[in-house]
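Down below is the structure, laid out as structure tokens.
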Amino acid sequence: MTVLLDRAVALATPWANLYNDSTALETAVTFVHFSGLFVAGGFAFAADRTTLRALAQPAEIRAWHLGELRSIHRPVLIGLAATAVSGVLMFAADLRTYATSWIFWTKMALLALLLLNALGMLRVERQVRAGPTATSRMWSALRRTAVASMALWLLVLLFGTLLPTVGS
């Protein structure tokens, strides 16, 4: 494992030197990372909140909300893509520290759970749209995925906030 990590660190060294020697580059990459998280998480969190509120509404409002949910996926994916690319760049800039950090890997596990939950949410959304009348069980499943999404976004943010303490 150490040999593999040493090789990866050696491959990433030119990028790490460039990144760590340029405040402007570090600031730009960090900005893209946080902006992507803000856009993706903001849209998702707001949609999750609206989902919870829509559950108590009449069928026509819930149907309208399903259309709104469909329109949310693109900005969330764009934000996640920006966060992922910038995250890989930040990871490569301090590979040895992050590769051995339980905080980093916990954040990655939470992110994986968030993505799995999003896939589950998409599946439930499709079921609700496909059925002539969505059952209360389907809407309950949508509620559970929305609550899980909100919790996971906050946990990813928490562990991302803890990451700067890794090297301390």
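Working note: 222 nm ellipticity from helices only, DSSP H runs with n ≥ 4, each -39,500 (n - 2.57), summed and divided by the residues of the chain, gives -31000 deg cm²/dmol to the nearest 500.
Please state the charge dipole magnitude for the range 14-168, taken about the Cα centre, from unit charges on C-beta atoms (+1 on K and R, -1 on D and E), reported in debye and rounded to the nearest 20.
Details: 13 positive and 7 negative charges, 155 e Å.
That gives the range 14-168 a dipole magnitude of about 740 debye.
Hydrophobic, long helices, defined as DSSP H runs whose alpha-carbon span along the helix axis is 27 Å or greater and whose mean Kyte-Doolittle value is at least -1.0, occur in the chain at 23-54, 59-93, 102-130, 136-162.
Any idea of the accessible area per residue across the chain, 1.4 Å probe, to the nearest Å²?
I get 61 Å² per residue for this part.
Think of the chain as having a plus end and a minus end, set by charges on the Cβ of Lys, Arg, Asp and Glu; of I103, S71, T30, S71 sits farthest toward the positive end of this dipole.
Note on the range 13-137: dipole from Cβ charges, positive end direction compared against A44, A54, P14; the farthest Cα belongs to A54. Only protein atoms count toward the accessible area here, which uses a 1.4 Å probe; on the chain, the carbon and sulfur part of that area reaches 70 percent. Relative contact order of the range 16-150: 33 percent, from C-alpha pairs under 8 Å at least 6 residues apart in sequence.
For T83, T161, T13, give the ranking by accessible area with the largest first, probe 1.4 Å. Display every interim value, and only then the final one.
On the way: T83 20, T161 90, T13 55 Å².
Ranking T83, T161, T13 by accessible area, largest first, yields T161, T13, T83.
Kirkwood hydrodynamic radius computed over the range 32-97 comes to 13.2 Å, based on all pairs of distinct alpha carbons. Could you state the number of Å between the C-alpha centres of the range 98-168 and the range 21-63? Result: 12 Å between the Cα centres.
F34 contributes about 120 Å² of solvent-accessible surface, heavy atoms of the protein only, 1.4 Å probe.
Applying 1/(1 + (r/R0)^6) with R0 = 41 Å to the Cβ-Cβ distance of A56 and L162, what FRET efficiency is obtained, to the nearest 0.05?
Details: r = 36 Å, r/R0 = 0.88.
The computed FRET efficiency comes out at 0.70.
The values are calculated or read from the model by the stated rules, or taken from the named source; none is laboratory data. Source: prediction; values computed, not measured. In this analysis, Cβ positions are derived from the backbone assuming ideal geometry, glycine residues included, and neighbour counts consider all displayed protein chains. For the accessible areas, the whole protein counts, side chains as well, though only heavy atoms, and no ligand, DNA or RNA atoms are used. Shrake-Rupley method; radii C 1.70, N 1.55, O 1.52, S 1.80 Å.
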